[in-house]
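See structure below.
The values are calculated or read from the model by the stated rules, or taken from the named source; none is laboratory data. Note that the structure is predicted; figures quoted are calculated from it, not measured. Cβ atoms come from the backbone with ideal geometry, glycine included; neighbour counts cover every protein chain shown.
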Amino acid sequence: MRPGFIAFAVIAAVLLDTAAVTAQPAPLTLEAKIPLGAVRGRIDHLAVDAERQLLFVAELGNDSVGIVDLEAGTVARRLTGLSEPQGVGWHASTATLYVANAGDGSVRLFQGPGFGAIGQIALGGDADNVRLDTRRDRIVVGYGKGALAIVDPASRRKIGEVPLKGHPESFQLDEQGGRIFVNVPDARQIAVVDIDIRRQTGSLDLGGARSNFPMALDADAHRLIVAARSPARLLVFATPDGKPIASVETCGDADDVFVDSARKRVYVVCGEGAVDVFDRTQDGYVHAARIRTAAGARTGLFVPATDRLYVAVRAGSGEVPALWVFRPGP
């Protein structure tokens with residue numbers, strides 16, 4: 001075989017290998033856009049009824065909650081007359097939707113499948129994130145100038161609270177369900193709460209970072225993941241002892257963080273108009289990709305049951321209000 005031909009064959013092989021690498025599927029692919037209709041203003045957090053494939057969208061600026069049929073790809077109905085809804089939570093065993101309202105500090109309850117109003121719980125101000133404590137069968141709601149309210153879904157009453165040093169943003173229960181990690185940006189800390197005694201017992205050091213709003217728990221790796229906005233960093237802590245593990249740059253104006261356990265990934269949803277994808281490593285997380293969305297689209301939800309990431313795109317972003325549906329790659 002002639003030397004020139006051999007050289008050509010080697011170059012061709014290298015080019016083919018390079019093409020194969022660059023042709024790897026993206027970690028997130030935009031699959032669909034589900035229009036939300038005439039929804040004005042900011043969109044806040046989302047929740048899901050995985051059994052019926054219904055996605056609940058807190059349409060804060062519209063004083064409404066949109067109920068999206070994921071299978072049909074349409075808005076099935078809209079709950080109106082709310083007061084700046086921020087957080088939503090679905091309690092499956094009682095088929096009850098909990099909606100936390102910033103405007104009047106109420107948590108309003110709607111009974112599925114018809115979603116008629118069945119009452120409300122007055123918390124006093126700025127009701128925000130909603131979480132389910134599945135071990136104790138309780139609803140936990142952040143509200144006011146600094147507290148977590150504990151609600152009994154059977155009686156539909158507030159049965160206790162945990163005082164904090166500022167308004168709580170995102171919070172997560174640890175793997176054993178004994179502690180709650182709470183972002184308290186006004187106090188520049190991550191509060192550690194003992195849920196049984198209903199008291200803050202410690203805090204985690206932000207290392208100078210500020211505006212820590214979103215949070216997720218990577219339970220398989222025993223890691224707490226927090227996104228700060230100033231500077232824009234992804235902060236990682238070990239859940240057993242709270243020690244910092246890593247700090248890496250991420251996109252700006254983050255408001256939601258999700259863990260894709262099957263792929264050992266993290267998705268950070270940012271208002272700058274991007275979703276950052278990180279792969280888990282032994283030492284922390286490495287940046288894998290930045291997927292462009294739309295300006296102001298800073299909230300979403302990763303749903304393992306449908307294996308999709310949903311990103312809420314609001315009016316005024318240059319796009320019509322919609323849920324963007326992203327399919328994760330392998």
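Tabulated results
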read-out: Qualifying residue in segment 219-239 (condition: at pLDDT 95 or above, of a type in the set (Lys, Arg) and surrounded by fewer than 16 Cβ atoms within 10 Å (Cβ to Cβ)); value: no
read-out: Scope segment 154-163; condition of a type in the set (A, V, I, L, M, F, W, C) and assigned to a loop (DSSP other than H, G, I, E, B); matching residues; value: Ala154
read-out: Some residue of segment 218-232 being among the charged types (D, E, K, R) and assigned to a loop (DSSP other than H, G, I, E, B); value: no
read-out: Among the candidates Val182, Val193, residue that is touching a Pro at 6+ places or on another chain (Cβ under 6 Å) and of a type in the set (A, V, I, L, M, F, W, C); value: Val182
read-out: Single residue of Arg265, Arg298 found to be more than 18 Å from Glu169 (Cα to Cα), charged (D, E, K, R), under 16 Å from the mean Cα position of the chain (by Cα) and crowded, with 21+ Cβ neighbours inside 10 Å; value: Arg265
read-out: Positions within segment 26-61 being outside the structural domain of Asp307 (by TED's automatic domain parsing), in contact with a Phe, Trp or Tyr (Cβ under 9 Å, 6 or more places away or on another chain) and of a type in the set (Gly, Ala, Ser), in sequence order; value: Ala47, Ala50
read-out: Residue in segment 164-178 that is in contact (Cβ under 8 Å) with a residue 60 or more places away in the chain and either more than 20 Å from the chain's Cα centre (by Cα) or assigned to a strand (DSSP E or B) (or both) present; value: no
read-out: Pair list, Cβ < 6 Å and 6+ apart or interchain, from segment 300-314 residues that are within 12 Å of Trp324 (Cβ to Cβ) to residues that are among the acidic types (Asp, Glu); value: Gly300/Asp256; Val313/Glu319
read-out: Check on Asp205, of a type in the set (Asp, Glu), under 21 Å from Glu161 (Cα atoms) and in contact (Cβ under 8 Å) with a residue 12 or more places away in the chain; value: no
read-out: Residue that is closer than 28 Å to Val268 by Cβ, of a type in the set (A, V, I, L, M, F, W, C) and surrounded by fewer than 19 Cβ atoms within 10 Å (Cβ to Cβ), where the choices are Ala122, Ala100, Ala92; value: Ala92
read-out: Within segment 68-89, tally of residues that are polar (S, T, N, Q) and buried (at least 19 other Cβ atoms within 10 Å of the Cβ); value: 1
read-out: Elements of type strands (runs of 3 or more DSSP E) contained in segment 36-122, each with 1 or more residues being under 20 Å from the mean Cα position of the chain (by Cα); value: 46-49, 54-59, 64-69, 85-91, 96-101, 106-111
read-out: Evaluation of Gly116 against (1) at pLDDT 95 or above; (2) on the phi > 0 side of the Ramachandran plot (one fails), failing number; value: (2)
read-out: Cβ-Cβ under 6 Å pairs, at least 6 apart or on other chains, segment 252-268 side in the same structural domain as Phe326 (by TED's automatic domain parsing), far side part of a loop (DSSP other than H, G, I, E, B) and at pLDDT 95 or above; value: Gly252/Glu272; Asp253/Gly271; Asp253/Glu272; Asp253/Arg298; Asp255/Arg298; Val268/Thr250
read-out: Residues of segment 58-107 satisfying the condition of being in contact (Cβ under 8 Å) with a residue 40 or more places away in the chain and polar (S, T, N, Q); value: Thr74, Gln86, Ser93, Thr94, Thr96
read-out: Top-ranked residue of segment 125-153 - restricted to ones that are in a loop (DSSP other than H, G, I, E, B) and touching a residue at least 60 places away in the same chain (Cβ under 8 Å), ranked as farthest from Asp186 (Cα to Cα); value: Pro153
